[in-house]
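> Questions regarding the structure given below will be posed in turn.
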Amino acid sequence: MAAQTVETGSTDSVASTVDLGPAAALSCRECGHQVPLGPVFACEECFGPLEIAYDFSSYDPEELRKRIEAGPANIWRYAPLLPVPADVADKPNINPGWTKLVKADNLARELGVEAGKLFVKDDSGNPTHSFKDRVVAQAVEAARAFGYTTLSCSSTGNLAGAVGAAAARAGFRSCVFIPHDLEQGKVVMAAIYGGELVGIEGNYDDVNRFCSELIGDPAGEGWGFVNVNLRPYYAEGSKTLAYEIAEQLGWQLPDQLVVPIASGSQLTKIDKGLQELIKLGLVEDKPYKIFGAQAEGCSPVSVAFKAGHDVVRPQKPNTIAKSLAIGNPADGPYVLDIARRTGGAVEDVTDEQVVEAIGILARTEGIFAETAGGVTVGVTKKLIENGLLDPAKTTVVLNTGDGLKTLDAVAGTGLTATIRPSLESFHEAGLA
(Lines give C-alpha, C1' and ligand atoms only; values in the text may rest on other atoms or scores of the structure.)
Protein backbone atom coordinates (compact mmCIF):
# COMPACT_ATOMS: atom_id res chain seq x y z
CA MET A 1 0.00 0.00 0.00
CA ALA A 2 1.33 3.44 -0.84
CA ALA A 3 1.51 5.54 2.29
CA GLN A 4 0.23 9.08 2.23
CA THR A 5 0.08 11.87 4.75
CA VAL A 6 -3.43 12.46 6.06
CA GLU A 7 -4.45 16.11 6.10
CA THR A 8 -5.98 16.43 9.50
CA GLY A 9 -8.30 19.45 9.35
CA SER A 10 -9.49 20.10 12.92
CA THR A 11 -6.76 17.76 14.19
CA ASP A 12 -3.98 19.56 12.33
CA SER A 13 -1.48 19.21 15.18
CA VAL A 14 -1.18 15.49 14.42
CA ALA A 15 -0.22 13.91 11.10
CA SER A 16 -0.09 10.31 9.98
CA THR A 17 1.60 8.49 7.11
CA VAL A 18 -0.94 5.65 7.20
CA ASP A 19 -3.64 5.61 4.54
CA LEU A 20 -6.86 5.02 6.43
CA GLY A 21 -9.15 7.34 4.51
CA PRO A 22 -10.75 10.12 6.56
CA ALA A 23 -9.17 8.91 9.82
CA ALA A 24 -6.90 11.74 10.95
CA ALA A 25 -5.60 10.81 14.40
CA LEU A 26 -6.26 8.90 17.59
CA SER A 27 -7.94 11.00 20.28
CA CYS A 28 -8.35 10.22 23.97
CA ARG A 29 -11.96 9.96 25.00
CA GLU A 30 -11.10 11.33 28.44
CA CYS A 31 -8.60 14.17 28.01
CA GLY A 32 -8.66 14.81 24.24
CA HIS A 33 -4.91 14.24 23.78
CA GLN A 34 -4.15 13.21 20.19
CA VAL A 35 -1.51 10.94 18.71
CA PRO A 36 -0.83 9.76 15.14
CA LEU A 37 -2.68 6.73 13.82
CA GLY A 38 -1.02 3.56 15.05
CA PRO A 39 -1.61 0.27 16.88
CA VAL A 40 -2.16 1.83 20.30
CA PHE A 41 -5.30 1.87 22.40
CA ALA A 42 -4.55 3.78 25.62
CA CYS A 43 -3.69 7.46 26.09
CA GLU A 44 -0.09 8.11 27.13
CA GLU A 45 -1.24 11.11 29.17
CA CYS A 46 -4.12 9.73 31.25
CA PHE A 47 -4.48 6.05 30.17
CA GLY A 48 -7.96 6.75 28.83
CA PRO A 49 -9.24 4.86 25.75
CA LEU A 50 -8.24 6.13 22.31
CA GLU A 51 -10.70 6.41 19.45
CA ILE A 52 -10.58 7.60 15.86
CA ALA A 53 -10.79 11.31 15.08
CA TYR A 54 -11.84 12.17 11.53
CA ASP A 55 -11.65 14.95 9.02
CA PHE A 56 -15.11 15.17 7.44
CA SER A 57 -14.78 18.88 6.64
CA SER A 58 -14.93 18.52 2.84
CA TYR A 59 -18.18 16.52 2.68
CA ASP A 60 -21.38 17.90 1.16
CA PRO A 61 -24.44 16.14 2.64
CA GLU A 62 -26.29 15.54 -0.63
CA GLU A 63 -23.21 14.32 -2.49
CA LEU A 64 -22.24 12.08 0.41
CA ARG A 65 -25.72 10.55 0.59
CA LYS A 66 -25.65 9.79 -3.15
CA ARG A 67 -22.17 8.30 -2.84
CA ILE A 68 -23.29 6.03 -0.02
CA GLU A 69 -26.44 4.89 -1.83
CA ALA A 70 -24.39 4.04 -4.93
CA GLY A 71 -21.96 1.94 -2.90
CA PRO A 72 -21.83 -1.84 -2.41
CA ALA A 73 -24.44 -3.68 -0.35
CA ASN A 74 -22.10 -4.07 2.64
CA ILE A 75 -20.36 -1.86 5.18
CA TRP A 76 -17.99 -0.45 2.57
CA ARG A 77 -20.81 1.76 1.24
CA TYR A 78 -19.86 3.84 4.30
CA ALA A 79 -16.12 3.86 3.54
CA PRO A 80 -16.07 7.70 3.49
CA LEU A 81 -17.01 7.60 7.20
CA LEU A 82 -14.67 4.78 8.30
CA PRO A 83 -10.92 4.33 8.95
CA VAL A 84 -10.27 2.48 5.70
CA PRO A 85 -8.56 3.29 2.39
CA ALA A 86 -10.73 4.41 -0.52
CA ASP A 87 -10.17 1.13 -2.40
CA VAL A 88 -11.23 -1.05 0.54
CA ALA A 89 -14.02 -2.76 -1.44
CA ASP A 90 -11.41 -4.19 -3.84
CA LYS A 91 -9.42 -5.96 -1.12
CA PRO A 92 -10.07 -9.54 0.09
CA ASN A 93 -12.39 -9.21 3.07
CA ILE A 94 -15.56 -10.92 4.25
CA ASN A 95 -17.60 -7.81 3.36
CA PRO A 96 -20.24 -7.91 6.11
CA GLY A 97 -23.21 -5.65 6.66
CA TRP A 98 -26.38 -4.38 4.96
CA THR A 99 -28.33 -6.91 6.98
CA LYS A 100 -32.12 -6.89 7.19
CA LEU A 101 -34.11 -4.36 9.17
CA VAL A 102 -37.24 -6.41 9.76
CA LYS A 103 -40.56 -4.63 10.28
CA ALA A 104 -41.75 -6.73 13.20
CA ASP A 105 -45.53 -6.23 13.36
CA ASN A 106 -46.19 -9.71 14.75
CA LEU A 107 -43.72 -9.13 17.58
CA ALA A 108 -45.21 -5.68 18.07
CA ARG A 109 -48.66 -7.20 18.69
CA GLU A 110 -47.14 -9.66 21.16
CA LEU A 111 -45.39 -6.91 23.11
CA GLY A 112 -48.09 -4.26 22.87
CA VAL A 113 -46.27 -1.94 20.46
CA GLU A 114 -48.12 0.17 17.89
CA ALA A 115 -48.18 -1.41 14.41
CA GLY A 116 -45.39 -0.25 12.12
CA LYS A 117 -43.27 1.04 14.98
CA LEU A 118 -41.13 -1.98 15.92
CA PHE A 119 -38.14 -3.21 13.90
CA VAL A 120 -35.54 -5.92 14.45
CA LYS A 121 -32.06 -5.27 13.08
CA ASP A 122 -31.13 -8.87 12.33
CA ASP A 123 -27.35 -9.17 12.15
CA SER A 124 -27.45 -12.96 12.06
CA GLY A 125 -27.22 -12.61 8.27
CA ASN A 126 -23.53 -11.66 8.36
CA PRO A 127 -20.91 -14.07 6.94
CA THR A 128 -20.22 -15.85 10.27
CA HIS A 129 -23.73 -15.08 11.55
CA SER A 130 -22.98 -12.35 14.07
CA PHE A 131 -22.34 -8.62 14.17
CA LYS A 132 -18.68 -9.34 15.01
CA ASP A 133 -17.98 -9.58 11.28
CA ARG A 134 -18.43 -5.81 11.10
CA VAL A 135 -15.76 -4.99 13.66
CA VAL A 136 -13.33 -7.63 12.43
CA ALA A 137 -13.57 -6.37 8.84
CA GLN A 138 -12.45 -2.98 10.15
CA ALA A 139 -9.61 -4.53 12.15
CA VAL A 140 -8.33 -6.42 9.09
CA GLU A 141 -7.81 -3.16 7.24
CA ALA A 142 -5.89 -1.69 10.18
CA ALA A 143 -3.80 -4.87 10.41
CA ARG A 144 -2.89 -4.52 6.73
CA ALA A 145 -1.93 -0.87 7.23
CA PHE A 146 0.32 -1.63 10.20
CA GLY A 147 1.99 -4.67 8.65
CA TYR A 148 0.72 -7.39 10.98
CA THR A 149 0.93 -11.03 9.93
CA THR A 150 -1.21 -12.70 12.62
CA LEU A 151 -4.74 -11.82 13.69
CA SER A 152 -5.76 -12.63 17.24
CA CYS A 153 -8.38 -11.82 19.85
CA SER A 154 -9.88 -12.66 23.19
CA SER A 155 -13.41 -13.83 22.59
CA THR A 156 -16.65 -15.12 24.09
CA GLY A 157 -17.17 -17.06 20.86
CA ASN A 158 -18.59 -15.00 18.01
CA LEU A 159 -15.48 -12.88 17.64
CA ALA A 160 -13.27 -15.97 17.44
CA GLY A 161 -15.25 -17.24 14.46
CA ALA A 162 -15.25 -13.85 12.77
CA VAL A 163 -11.46 -13.49 13.17
CA GLY A 164 -10.88 -17.03 11.85
CA ALA A 165 -12.99 -16.39 8.76
CA ALA A 166 -11.63 -12.93 8.03
CA ALA A 167 -8.02 -14.08 8.48
CA ALA A 168 -8.56 -17.01 6.12
CA ARG A 169 -10.08 -14.74 3.49
CA ALA A 170 -7.43 -12.01 3.82
CA GLY A 171 -4.43 -14.33 4.00
CA PHE A 172 -3.45 -13.80 7.64
CA ARG A 173 -2.49 -16.42 10.17
CA SER A 174 -4.96 -16.49 13.08
CA CYS A 175 -4.62 -17.57 16.69
CA VAL A 176 -7.56 -16.79 18.96
CA PHE A 177 -8.24 -17.32 22.65
CA ILE A 178 -11.55 -18.27 24.28
CA PRO A 179 -12.83 -19.44 27.67
CA HIS A 180 -12.52 -23.24 27.75
CA ASP A 181 -16.23 -23.85 28.41
CA LEU A 182 -17.94 -22.06 25.51
CA GLU A 183 -20.94 -23.43 23.61
CA GLN A 184 -19.76 -26.25 21.33
CA GLY A 185 -21.33 -24.67 18.26
CA LYS A 186 -19.16 -21.60 18.65
CA VAL A 187 -16.05 -23.68 19.27
CA VAL A 188 -16.59 -25.66 16.05
CA MET A 189 -17.32 -22.53 14.04
CA ALA A 190 -14.17 -20.82 15.29
CA ALA A 191 -12.01 -23.88 14.59
CA ILE A 192 -13.26 -24.74 11.10
CA TYR A 193 -11.38 -21.88 9.42
CA GLY A 194 -8.04 -23.55 10.06
CA GLY A 195 -6.47 -21.10 12.51
CA GLU A 196 -5.31 -21.93 16.00
CA LEU A 197 -8.02 -21.93 18.67
CA VAL A 198 -6.84 -21.91 22.28
CA GLY A 199 -9.04 -22.48 25.32
CA ILE A 200 -8.06 -20.65 28.51
CA GLU A 201 -9.06 -22.02 31.89
CA GLY A 202 -11.19 -19.18 33.25
CA ASN A 203 -13.80 -16.67 32.11
CA TYR A 204 -13.57 -13.98 29.43
CA ASP A 205 -11.91 -11.47 31.73
CA ASP A 206 -9.14 -14.02 32.42
CA VAL A 207 -8.71 -14.53 28.67
CA ASN A 208 -8.52 -10.79 28.06
CA ARG A 209 -5.87 -10.32 30.74
CA PHE A 210 -3.77 -13.07 29.18
CA CYS A 211 -3.96 -11.43 25.75
CA SER A 212 -2.86 -8.11 27.22
CA GLU A 213 0.21 -9.87 28.63
CA LEU A 214 0.97 -11.58 25.31
CA ILE A 215 0.97 -8.24 23.50
CA GLY A 216 3.89 -7.11 25.65
CA ASP A 217 5.85 -10.32 25.14
CA PRO A 218 8.29 -10.94 22.24
CA ALA A 219 6.09 -13.90 21.26
CA GLY A 220 3.33 -11.42 20.36
CA GLU A 221 5.43 -9.44 17.88
CA GLY A 222 3.62 -9.04 14.57
CA TRP A 223 0.27 -9.92 16.15
CA GLY A 224 -2.75 -7.69 15.69
CA PHE A 225 -5.19 -8.28 18.56
CA VAL A 226 -8.38 -6.95 17.04
CA ASN A 227 -9.97 -5.99 20.36
CA VAL A 228 -6.79 -4.83 22.12
CA ASN A 229 -4.03 -3.06 20.15
CA LEU A 230 -6.34 -2.63 17.13
CA ARG A 231 -9.37 -1.77 19.27
CA PRO A 232 -9.82 1.88 18.15
CA TYR A 233 -10.24 0.71 14.53
CA TYR A 234 -12.13 -2.49 15.32
CA ALA A 235 -14.71 -0.64 17.42
CA GLU A 236 -15.63 1.68 14.53
CA GLY A 237 -17.28 -1.26 12.76
CA SER A 238 -20.21 -0.99 15.15
CA LYS A 239 -21.01 2.48 13.80
CA THR A 240 -22.18 0.82 10.60
CA LEU A 241 -25.18 -0.55 12.48
CA ALA A 242 -26.27 3.03 13.17
CA TYR A 243 -25.64 4.07 9.57
CA GLU A 244 -27.63 1.15 8.15
CA ILE A 245 -30.56 1.58 10.53
CA ALA A 246 -30.89 5.26 9.64
CA GLU A 247 -30.57 4.64 5.91
CA GLN A 248 -33.02 1.72 6.00
CA LEU A 249 -35.52 3.94 7.82
CA GLY A 250 -35.31 6.43 4.95
CA TRP A 251 -32.47 8.51 6.40
CA GLN A 252 -34.27 8.99 9.69
CA LEU A 253 -33.20 8.33 13.25
CA PRO A 254 -35.21 5.82 15.28
CA ASP A 255 -36.81 7.13 18.45
CA GLN A 256 -35.58 4.23 20.58
CA LEU A 257 -32.93 1.52 20.30
CA VAL A 258 -32.38 -1.56 22.47
CA VAL A 259 -28.76 -2.72 22.32
CA PRO A 260 -27.05 -5.65 24.08
CA ILE A 261 -24.13 -4.91 26.38
CA ALA A 262 -21.01 -7.07 26.56
CA SER A 263 -18.00 -4.73 26.69
CA GLY A 264 -20.38 -1.85 25.94
CA SER A 265 -18.44 -0.81 22.84
CA GLN A 266 -21.25 -1.61 20.41
CA LEU A 267 -23.68 0.68 22.22
CA THR A 268 -21.21 3.56 22.49
CA LYS A 269 -20.28 3.34 18.80
CA ILE A 270 -23.91 3.19 17.69
CA ASP A 271 -24.38 6.46 19.54
CA LYS A 272 -21.23 7.86 17.90
CA GLY A 273 -22.55 6.83 14.48
CA LEU A 274 -25.90 8.52 15.07
CA GLN A 275 -24.16 11.70 16.21
CA GLU A 276 -21.97 11.69 13.10
CA LEU A 277 -25.02 11.36 10.84
CA ILE A 278 -26.55 14.40 12.54
CA LYS A 279 -23.37 16.50 12.31
CA LEU A 280 -22.89 15.59 8.64
CA GLY A 281 -26.44 16.65 7.81
CA LEU A 282 -27.43 13.19 6.57
CA VAL A 283 -30.38 12.98 8.98
CA GLU A 284 -32.57 15.47 10.79
CA ASP A 285 -31.44 16.16 14.34
CA LYS A 286 -33.98 14.86 16.83
CA PRO A 287 -33.91 13.23 20.26
CA TYR A 288 -33.45 9.47 20.52
CA LYS A 289 -33.18 7.11 23.47
CA ILE A 290 -30.70 4.24 23.80
CA PHE A 291 -31.48 1.34 26.13
CA GLY A 292 -28.84 -1.17 27.18
CA ALA A 293 -29.68 -4.85 27.73
CA GLN A 294 -27.90 -7.37 29.95
CA ALA A 295 -28.54 -10.81 31.41
CA GLU A 296 -29.11 -10.80 35.15
CA GLY A 297 -26.24 -13.26 35.63
CA CYS A 298 -23.81 -10.69 34.20
CA SER A 299 -25.34 -7.27 34.73
CA PRO A 300 -22.70 -4.91 36.16
CA VAL A 301 -23.83 -1.97 34.02
CA SER A 302 -27.51 -2.50 34.80
CA VAL A 303 -26.76 -2.69 38.53
CA ALA A 304 -24.75 0.55 38.37
CA PHE A 305 -27.46 2.32 36.36
CA LYS A 306 -30.24 1.37 38.76
CA ALA A 307 -28.14 2.39 41.76
CA GLY A 308 -27.29 5.76 40.22
CA HIS A 309 -23.58 4.99 40.25
CA ASP A 310 -20.98 6.26 37.77
CA VAL A 311 -18.58 3.40 38.47
CA VAL A 312 -19.30 -0.12 37.19
CA ARG A 313 -18.41 -2.75 39.75
CA PRO A 314 -17.12 -6.01 38.16
CA GLN A 315 -19.10 -9.23 38.49
CA LYS A 316 -18.30 -12.90 37.99
CA PRO A 317 -20.51 -13.98 35.05
CA ASN A 318 -23.08 -16.75 35.49
CA THR A 319 -25.52 -16.75 32.59
CA ILE A 320 -26.47 -18.72 29.50
CA ALA A 321 -25.90 -15.52 27.48
CA LYS A 322 -22.19 -16.23 27.20
CA SER A 323 -21.60 -13.81 24.33
CA LEU A 324 -22.49 -11.02 26.79
CA ALA A 325 -20.65 -12.54 29.76
CA ILE A 326 -18.05 -9.82 30.34
CA GLY A 327 -17.96 -9.09 34.04
CA ASN A 328 -15.71 -6.03 33.76
CA PRO A 329 -16.93 -4.17 30.65
CA ALA A 330 -14.40 -1.63 29.39
CA ASP A 331 -17.02 0.79 28.07
CA GLY A 332 -19.44 0.36 30.98
CA PRO A 333 -19.10 3.92 32.32
CA TYR A 334 -19.66 5.36 28.83
CA VAL A 335 -22.80 3.25 28.45
CA LEU A 336 -24.12 4.80 31.66
CA ASP A 337 -23.39 8.28 30.31
CA ILE A 338 -25.21 7.60 27.02
CA ALA A 339 -28.25 5.96 28.61
CA ARG A 340 -28.63 8.92 30.96
CA ARG A 341 -27.88 11.58 28.34
CA THR A 342 -30.46 10.19 25.89
CA GLY A 343 -33.12 9.47 28.50
CA GLY A 344 -32.79 5.70 28.08
CA ALA A 345 -32.02 3.04 30.68
CA VAL A 346 -30.07 -0.16 31.28
CA GLU A 347 -32.12 -3.22 32.23
CA ASP A 348 -31.52 -6.94 32.69
CA VAL A 349 -33.50 -10.19 32.42
CA THR A 350 -33.16 -13.67 33.90
CA ASP A 351 -31.96 -16.67 31.92
CA GLU A 352 -35.53 -17.97 31.94
CA GLN A 353 -36.73 -14.71 30.39
CA VAL A 354 -33.95 -14.94 27.79
CA VAL A 355 -35.15 -18.37 26.68
CA GLU A 356 -38.77 -17.19 26.64
CA ALA A 357 -37.83 -14.19 24.48
CA ILE A 358 -35.91 -16.36 22.00
CA GLY A 359 -39.12 -18.35 21.54
CA ILE A 360 -41.27 -15.24 21.20
CA LEU A 361 -39.08 -13.79 18.44
CA ALA A 362 -38.92 -17.12 16.62
CA ARG A 363 -42.67 -17.78 16.61
CA THR A 364 -43.68 -14.19 15.80
CA GLU A 365 -41.08 -13.17 13.18
CA GLY A 366 -39.32 -16.36 12.12
CA ILE A 367 -36.00 -15.10 13.51
CA PHE A 368 -33.99 -17.59 15.55
CA ALA A 369 -31.83 -15.42 17.79
CA GLU A 370 -28.89 -16.48 19.88
CA THR A 371 -29.02 -15.75 23.59
CA ALA A 372 -27.90 -12.12 23.14
CA GLY A 373 -30.97 -11.55 20.95
CA GLY A 374 -33.08 -13.16 23.66
CA VAL A 375 -31.64 -10.61 26.06
CA THR A 376 -32.59 -7.61 23.88
CA VAL A 377 -36.11 -8.89 23.15
CA GLY A 378 -36.61 -9.85 26.80
CA VAL A 379 -35.42 -6.44 27.97
CA THR A 380 -37.66 -4.72 25.41
CA LYS A 381 -40.64 -6.60 26.82
CA LYS A 382 -39.67 -5.64 30.36
CA LEU A 383 -39.10 -1.99 29.45
CA ILE A 384 -42.57 -1.78 27.89
CA GLU A 385 -44.19 -3.45 30.90
CA ASN A 386 -42.40 -1.01 33.23
CA GLY A 387 -43.42 2.02 31.17
CA LEU A 388 -39.85 2.98 30.25
CA LEU A 389 -40.11 2.35 26.51
CA ASP A 390 -42.83 4.16 24.58
CA PRO A 391 -44.85 1.65 22.47
CA ALA A 392 -45.97 4.45 20.13
CA LYS A 393 -42.42 5.42 19.10
CA THR A 394 -40.24 3.92 16.35
CA THR A 395 -38.10 1.30 18.10
CA VAL A 396 -35.23 -0.82 16.80
CA VAL A 397 -34.19 -3.96 18.69
CA LEU A 398 -30.86 -5.58 17.84
CA ASN A 399 -30.38 -9.29 17.26
CA THR A 400 -26.64 -9.74 17.00
CA GLY A 401 -26.30 -13.46 16.27
CA ASP A 402 -27.81 -16.74 15.03
CA GLY A 403 -29.61 -19.10 17.38
CA LEU A 404 -27.88 -22.11 15.82
CA LYS A 405 -24.81 -21.03 17.80
CA THR A 406 -26.54 -21.38 21.16
CA LEU A 407 -28.72 -24.46 20.78
CA ASP A 408 -28.03 -25.57 24.35
CA ALA A 409 -30.11 -22.65 25.62
CA VAL A 410 -33.26 -24.03 23.97
CA ALA A 411 -32.43 -27.72 24.21
CA GLY A 412 -35.90 -28.46 25.64
CA THR A 413 -37.49 -27.56 22.30
CA GLY A 414 -38.30 -30.56 20.11
CA LEU A 415 -40.93 -32.76 18.53
CA THR A 416 -44.59 -31.93 18.99
CA ALA A 417 -45.48 -35.61 18.66
CA THR A 418 -44.23 -38.92 17.29
CA ILE A 419 -46.82 -40.82 15.26
CA ARG A 420 -47.14 -43.88 13.05
CA PRO A 421 -47.27 -43.19 9.30
CA SER A 422 -51.08 -43.29 9.20
CA LEU A 423 -54.00 -40.87 9.26
CA GLU A 424 -55.41 -42.74 12.23
CA SER A 425 -52.30 -42.01 14.27
CA PHE A 426 -52.34 -38.39 13.09
CA HIS A 427 -55.89 -37.95 14.38
CA GLU A 428 -55.14 -39.80 17.63
CA ALA A 429 -52.36 -37.32 18.35
CA GLY A 430 -54.82 -34.43 18.10
CA LEU A 431 -53.02 -32.86 15.15
CA ALA A 432 -55.98 -32.61 12.78
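> Between the range 47-76 and the range 305-356, what is the separation of their alpha carbon centroids in Å?
30
> Once neighbouring chains are kept in place and the probe is 1.4 Å, which whole percent of the accessible area of the range 258-411 is contributed by carbon and sulfur?
Heavy-atom surface of the range 258-411 belonging to carbon and sulfur, 1.4 Å probe: 52 percent.
> On to the next question. For the chain, set up a Gaussian network in which alpha carbons nearer than 10 Å are linked by springs, and say which option among Leu101, Leu398, Leu388 fluctuates the most.
Result: Leu388 has the largest fluctuation of those listed.
> Hey, could you grab the Kirkwood Rh for the chain? Inverse mean 1/r over distinct alpha carbon pairs, Å, one decimal.
About 22.1 Å for the chain.
> Let me ask another. If r is the Cβ-Cβ distance from Asp337 to Ala417 and R0 is 45 Å, what FRET efficiency results, to the nearest 0.05?
Efficiency, rounded to the nearest 0.05: 0.30.
> Follow-up question, since we're still on this one. As an exercise, identify the chymotrypsin sites (Phe, Trp or Tyr not before Pro) in the range 137-239 lying in DSSP coil whose Cβ has no more than 14 other Cβ atoms within 10 Å.
Here no chymotrypsin sites (Phe, Trp or Tyr not before Pro) fit, given the DSSP loop and packing criteria.
> Right, something else. Tally up the carbon and sulfur contribution to the accessible surface of the range 22-157 as a whole percent, 1.4 Å probe, everything protein left in place.
So the carbon and sulfur contribution to the accessible surface is 47 percent.
> Follow-up question, since we're still on this one. Quick one: grab the alpha carbon gyration tensor of the range 56-181, order the square roots of its eigenvalues as a ≥ b ≥ c, and give me rounded if a/c is under 1.5, else prolate or oblate depending on whether a/b is larger than b/c.
Taking the square roots of the gyration eigenvalues as a ≥ b ≥ c, the range 56-181 is oblate.
> Give the peptides 400-408, 247-255 in descending order of average Cβ contacts within 10 Å, highest first.
Descending packing order for the listed peptides: 400-408, 247-255.
> Using only DSSP helix segments of four residues or longer, with each worth -39500 (n - 2.57), what per-residue ellipticity at 222 nm results for the chain after dividing by its residue count and rounding to 500?
About -10500 deg cm²/dmol.
> Work out how much length Cys31 to Lys286 would gain on full extension: take 0.36 nm times their residue separation and subtract the Cα-Cα distance, in nm to one decimal.
Length difference between fully extended and current span is 89.0 nm.
> For Ser57 and Lys393, FRET efficiency with R0 = 30 Å and r from the beta-carbon atoms, rounded to 0.05?
Rounded to the nearest 0.05, the efficiency is 0.35.
> Can you give the net charge of the other residues whose Cβ lies under 14 Å from the Cβ of Glu247, counting K and R as +1 and D and E as -1?
Residues close to Glu247 contribute a combined charge of +3.
> Run through the DSSP bridge list for the chain and note the antiparallel percent, rounded to the nearest 5.
Beta bridges within the chain, antiparallel portion: roughly 35 percent.
> Sticking with this structure for a sec: Return the sequence-ordered ³J(HN,Hα) values of the range 36-45 in whole Hz as given by the Karplus equation 6.51 cos²θ - 1.76 cosθ + 1.60 applied to θ = phi - 60°, using x for Gly and Pro.
Karplus values, whole Hz, x for Gly and Pro: x, 4, x, x, 10, 9, 10, 5, 6, 8.
> What distance in nm separates the simple spin-label points at Leu249 and Gln184, each placed 7 Å from Cα in the Cβ direction?
With each label placed 7 Å out from Cα toward Cβ, I get 4.1 nm.
> Simple spin-label model, 7 Å along Cα-to-Cβ: Arg67 to Ala191 in nm?
Taking the two extended label points, one gets 4.6 nm.
> Calculate one ³J(HN,Hα) per residue across the range 425-432 by plugging θ = phi - 60° into the Karplus curve 6.51 cos²θ - 1.76 cosθ + 1.60, and present them in order as whole Hz with x for glycine and proline.
Karplus-based 3J(HN,Hα) across the range 425-432 equals 5, 4, 5, 4, 7, x, 9, 5 Hz.
> If R₀ is 30 angstrom, what is the calculated FRET efficiency for the pair Lys306 and Ala42, using the beta carbon separation as r and rounding to 0.05?
0.50
> Let me ask you something else. Keeping every protein chain present and rolling a 1.4 Å probe, give me the accessible area per residue for the range 307-432 in Å².
48
> A further question follows. What is the extension gain from Glu428 to Leu407, computed as 0.36 nm multiplied by their sequence separation minus the C-alpha to C-alpha distance, in nm to one decimal?
Once the chain is fully extended between Glu428 and Leu407, it gains 4.5 nm.
> Here's a follow-up. Please report how far the C-alpha centroid of the range 235-273 lies from that of the range 376-393, rounded to the nearest whole angstrom.
Going from one Cα centre to the other spans 18 Å.
The values are calculated or read from the model by the stated rules, or taken from the named source; none is laboratory data. If you're wondering where the values come from, they're calculated on a predicted model, not measured in any experiment. With ideal geometry, Cβ positions are generated from the backbone for all residues, glycine too; neighbour counts draw on all protein chains shown. For the accessible areas, the whole protein counts, side chains as well, though only heavy atoms, and no ligand, DNA or RNA atoms are used. Shrake-Rupley method; radii C 1.70, N 1.55, O 1.52, S 1.80 Å.
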